[in-house]
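The next block holds one structure in the form of structure tokens; read it before the comments.
The values are calculated or read from the model by the stated rules, or taken from the named source; none is laboratory data. Note that the structure is a prediction, hence the values are computed from the model and not measured. Heads up, the Cβs are rebuilt from the backbone with ideal geometry, glycines too, and the neighbour counts pull from every protein chain shown. Ligands, DNA and RNA are stripped out before the accessible areas are found, and what is left, the full protein with its side chains, is counted by its heavy atoms. Shrake-Rupley method; radii C 1.70, N 1.55, O 1.52, S 1.80 Å.
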Amino acid sequence: MDPYFAEFIPLTAEMKSTPHLHPGYEFLYLLEGRLEVRHAEQQCTLEEGDAAYFDAGAPHSYQCAGSRPARAIIVTMHQAPLPLPLRAARTAQPSADA
């Protein structure tokens, strides 16, 4: 897991948020402000105290939805690699002499 503090400033007309994606999951808790969250084809606006949890493998982005910066705690949880198949260890066969 990678926790971090994020601050989203209000964007100007020339600026826009760019969707990104990465393996694993993401948890976001909004401390202050309003934040627009886009995940795949869905969109919602979070208010102070709201939280979101989603699959980070789908394109997602954030954008401040108010005149004040939005501040959040974000925790990314990386998906563990798939386990490799285990192979049975060959054991020595008892010899006929034993």
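A few points about this structure:
- Verdict on ALA98 being in a loop (DSSP other than H, G, I, E, B), loosely packed, with under 10 Cβ neighbours inside 10 Å and either within 18 Å of the chain's Cα centre (by Cα) or at pLDDT below 95 (or both): yes
- Test: GLN63 is in contact with a Pro (Cβ under 6 Å, 6 or more places away or on another chain) and either at pLDDT below 95 or open to solvent by less than 100 Å² (accessible area, probe 1.4 Å) (or both): no
- Meets criteria (modelled with pLDDT of 95 or more, more than 14 Å from PHE8 (Cβ to Cβ) and not in a loop (DSSP other than H, G, I, E, B)) for VAL75: yes
- From the options ASP2, ASP50, residue that is modelled with pLDDT of 90 or more and surrounded by 15 or more Cβ atoms within 10 Å (Cβ to Cβ): ASP50
- Qualifying residue in region 23-39 (condition: open to solvent by less than 60 Å² (accessible area, probe 1.4 Å) and free of Cβ contacts under 8 Å to residues at least 24 places away in the same chain): yes
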